[in-house]
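Where a number appears in this text, it was derived from the coordinates with a stated rule and is not lab data. Fair warning: this is a prediction, and the values are worked out from it, not measured in the lab. Heads up, the Cβs are rebuilt from the backbone with ideal geometry, glycines too, and the neighbour counts pull from every protein chain shown.
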Amino acid sequence: MRVLIVEDDARLLTQLDQLMQQNGYSVDLADDGQKALFLFREYPYDLAIIDIGLPVLDGLDLIRQVRKDKITSPILILTARDRWQEKVEGLEAGADDYLTKPFHNEELLARAKALIRRAAGQPNPAIERGPIRLDTLSEEVFVNDQYVELTAYEYKVLEYLLMNPNKIVSKTELTEHIYDQDFDLDSNVIEVFIGRLRKKIDPDGDIKPIDTLRGRGYRISRQL
């Protein structure tokens, strides 16, 4: 999943960047609201984590403009513990949830995963499609109750396809959601990941879990 973190405290920004990357997220960073607004308009995000007190364009105005632009990415705001007004104002501006500082990393990760699942219409931590079960908490995949070992990027591709089961997902869109913004979008590495997933999930060719729609992209099979 691709995440935008907007925070003007350099130390906290670095900590959040490391935390999210260590947990398998592709991360973009901004230290003021104007930079964040540009990134919102340029890239699709599965989640944004936004501090309220930002320079240039403050967090509340950023959220209002993002929603005015019809950008629907779920937003988690960071607020000071003693400023309950910020929580209310943030939610009214269009944020989906809030977390007060200081916070535990485990709680931030849990809220992030819940928001992403909710936005994808998958409230349950375990996503099941036919014989395939993907656990978003443990980041494990099972086929017919048998564990399937995937690399980090193979998991990301499968997770995104399962989160969007009725959508045709292009190679460009997959690349944008699993890599940082400076990755070469012309790379054919997605084809390699799809090929590996098919071999690992369906070694005997019985399930056929991923459809290829020539010239358009990939989709989880409707036969599952």
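Can you report the principal axis dimensions of the chain using only the alpha carbons, biggest first, rounded to whole angstrom?
Principal axes ranked by extent give 57, 34, 29 Å for the Cα atoms.
Can you give the helix-only mean residue ellipticity at 222 nm for the chain, where every DSSP H stretch with n ≥ 4 adds -39500 (n - 2.57) and the sum goes over all residues, rounded to the nearest 500 deg cm²/dmol?
Rounded to the nearest 500, it is -12500 deg cm²/dmol.
Between L137 and Y43, what is 0.36 nm times their sequence separation minus the Cα-Cα distance? Round to one decimal in nm.
31.3 nm
Once phi is turned into θ = phi - 60°, what whole-Hz ³J(HN,Hα) does the Karplus curve with 6.51, -1.76 and 1.60 give for every residue of segment 61-66, x standing for Gly and Pro?
The phi angles translate into 5, 4, 5, 4, 5, 4 Hz.
Before anything else, pin down the relative contact order of segment 1-78: Cα pairs under 8 Å, at least 6 apart, normalised by residue count, whole percent.
Dividing the mean separation by the residue count of segment 1-78 yields 35 percent.
Pairing the Cα long axis of helix 84-93 with the longest principal axis of the chain, what angle in degrees results, from 0 to 90 and rounded to the nearest 10?
60 degrees
Quick check: the angle from helix 189-201's long axis to the longest principal axis of the chain, C-alpha only, nearest 10 degrees?
In the chain, helix 189-201 runs at an angle near 60 degrees to the longest axis.
Starting from the Cα of R198, step 7 Å along the direction of its Cβ; do the same at V56; then give the gap between the two resulting points in nm.
4.4 nm
Contour minus end-to-end for L91 and A10, with contour as 0.36 nm per residue of separation and end-to-end as the Cα-Cα distance?
26.7 nm
Mind checking the angle between helix 152-163 and the chain's longest principal axis? C-alpha axes, 0 to 90 degrees, to the nearest 10.
Roughly 90 degrees between the two axes.
For segment 122-224, which trypsin sites (Lys or Arg not before Pro) pass both filters: DSSP loop (anything but H, G, I, E, B) and at most 10 other C-beta atoms within 10 Å?
R214, R222
Treating cross-link reach as a plain straight distance, find the aspartates and glutamates whose alpha-carbon is under 18 Å from the alpha-carbon of K200, omitting any fewer than eight places away in the same chain.
Cα-Cα hits under 18 Å: E128, D135, E139, E140, D145, E149, E154, E159, E191, D211.
Loop by DSSP (not H, G, I, E, B), at most 15 other beta-carbon atoms within 10 Å: where is the longest site-free stretch of the chain for GluC sites (Glu not before Pro)?
1-138
Looking only at segment 38-185, where both bridge partners belong to it, what percent of the DSSP beta bridges are antiparallel (to the nearest 5)?
Taking every DSSP beta bridge within segment 38-185, about 55 percent pair in antiparallel fashion.
For the pair Q21 and N188, how long in nm is the line joining their label points, each one 7 Å along Cα→Cβ?
2.9 nm
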